[in-house]
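Structure first, commentary second.
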Amino acid sequence: MKYAVIGTGAIGGYYGAKLAHNGQEVHFLLHRDFDYVREHGLQVDSCNGSFHLDHPNVYRQTAEMPPSDVVLVCLKSINNHLLRELLPPLLHENSIVVLIQNGIGVEQDVQQYFPDVQLVAGLAFICSAKTEPGVVNHQCYGQINFGNYSCRNEAQLRRLTEEFNDAGVKAGLVDYQEARWKKAVWNMPFNGMTVALHTQTDHLLNHPSTRQLIREQMLEVITTAQFLGVENIDESFADKMIQMTDEMVPYSPSMRLDYDFRRPMEIDYLYTRPLQIAREAGHPMPKLEMLEAELRFLEAEQLKTK
């Protein structure tokens, strides 16, 4: 299939490059490092084997890109309002749009912009960063799950999964709600806590007090998900996520990097929306509500010094 990548950063750069390296036709939208990648190519430094794309298809504007069968949206969710302009040139009647983004509620809001577009959630379990032009640093993991939000073409969705697997990316199809809430079990504690305490994942788990707090925050997400009817999620999933993080390289999640580089943080979809859903369902998450308040304070204080 023909792929387009909107947001060629740590995530889009990695998955798009893996597909292109395996022979798929992939078209990349770039911004700051367009000139660099056009001249020097795209480098992926990966724990699973590094490689280089000498002449990737790169563009400054989606208006210059061809319509694609699959559009991988890897923008930060705070920029989703840009999709109203970015997406239309890339779509044909059967296009699938995969939102590889953090948080809960992103598909619902994007669907309002594009009522007829087929949307799929992409839930990436990956440690990857892009801190210099044209170089993606893939540190560990890399699995992606796809949750069907409004895709009508199941065969095309299965083919998408197969092509990711063929490219060396472990991929699977999962229930949409299950996928989003399971990702929140990791995202909501670790993204915010690394910002609030100005640390990395390993330090949070190495200290008994913060390790216990992380687990309690995970259980808030899990019990809320159960209360909302999400299946295949229980207390053992928290232990699995903690073990997985213990085995990871020391990691600064995307929200920590955004804060460090003085960029807006994805508080709305990572915290505000799921917390609102939980309160409206009568099952609030008080520890994570406190963390959201701390993040709002830190972001406001940072804005004062810009």
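Before moving on, here are some points about what is shown:
- Charge tally in the Cβ shell below 9 Å around residue 9, where Lys, Arg are +1 and Asp, Glu are -1, residue 9 excluded: +2
- Estimated D of the stretch 263-303 in µm² per second, where Rh is the Kirkwood radius over Cα pairs and Stokes-Einstein applies at 20 °C, 1.002 mPa s: 202 µm²/s
- Sum of side-chain charges, residue 171 neighbourhood, beta-carbon under 12 Å (Lys, Arg +1; Asp, Glu -1): +1
- Remark: the Cα gyration tensor places the stretch 210-288 in the oblate category, a/c being 1.5 or greater and a/b not exceeding b/c.
- The coefficient of translational diffusion for the stretch 107-164, derived via Stokes-Einstein from the alpha carbon Kirkwood radius under 25 °C and 0.890 mPa s, stands at 182 µm²/s.
- Within the shell of other residues whose beta carbon sits under 15 angstrom from the beta carbon of residue 20, the net charge comes to -2, with Lys and Arg scored +1 and Asp and Glu -1.
- Three principal axis lengths of the stretch 28-154 [C-alpha, angstrom, descending]: 39, 32, 27
- Calculated Rg and Dmax of the stretch 98-138 using C-alpha coordinates, Å: 13.7, 37
- Sequence-separation-based contact order of the chain, relative, with Cα cut under 8 Å and 6+ spacing, percent: 15 percent
- Calculated [222 nm] ellipticity per residue, helices only, for the chain: -13500 deg cm²/dmol; basis is -39500 (n - 2.57) per DSSP H run with n ≥ 4, divided by all residues, nearest 500.
- For the stretch 125-206: relative contact order, % (alpha-carbon pairs under 8 angstrom, 6 or more apart): 22 percent
- Area of residue 166 that stays accessible when all protein chains are in place (1.4 Å probe, Å², to 10): 110 Å²
- Taking amide H positions as modeled 1.01 Å from N, with prolines and chain starts lacking one, the residues under 5 Å from residue 2 and 5 or more places away or on another chain are 69, 70.
- Size of charge dipole - the stretch 147-260 - debye, nearest 20, with Cβ of Lys, Arg +1 and Asp, Glu -1, no other charges: 180 debye
- The alpha carbon centroids of the stretch 90-123 and the stretch 220-290 are separated by 21 Å.
- Inter-label distance, nm, simple model (7 Å from Cα along the C-beta direction), residue 166/residue 63: 3.4 nm
- With a Förster radius of 41 Å applied to the C-beta separation of residue 94 and residue 125, the computed FRET efficiency comes to 0.90.
- Segment residue 32-residue 216, extension gain: residue separation times 0.36 nm, minus the distance between their alpha carbons: 62.3 nm
- Charge-dipole axis of the stretch 145-303 as Lys and Arg at +1 and Asp and Glu at -1 on Cβ define it, positive-most pick from 300, 250, 237: 300
- Stretching the chain fully between residue 203 and residue 283 yields a gain of 25.8 nm (0.36 nm per residue, less the alpha carbon separation).
- Relative to the globular-protein estimate of 2.2 N^0.38 Å, the Cα radius of gyration of the chain stands at 0.97.
- Relative to the globular-protein estimate of 2.2 N^0.38 Å, the Cα radius of gyration of the stretch 106-208 stands at 1.28.
- Relative contact order (%) - criterion: Cα under 8 Å, at least six apart; region: the stretch 169-302: 32 percent
- In plain terms, the chain from residue 263 to residue 22 could stretch by 83.4 nm, reckoned as 0.36 nm per residue minus the Cα-Cα distance.
- Computed FRET value (nearest 0.05) for residue 109 with residue 54, which takes r as the C-beta separation and R₀ as 35 Å: 0.40
The values are calculated or read from the model by the stated rules, or taken from the named source; none is laboratory data. Treat the numbers as computed from the prediction; the structure is a model and nothing was measured. Counting neighbours? That spans all protein chains shown, and the Cβs are built from the backbone with ideal geometry, glycine included. Surface accessibility is based on the protein's heavy atoms, side chains included, excluding ligands, DNA and RNA. Shrake-Rupley method; radii C 1.70, N 1.55, O 1.52, S 1.80 Å.
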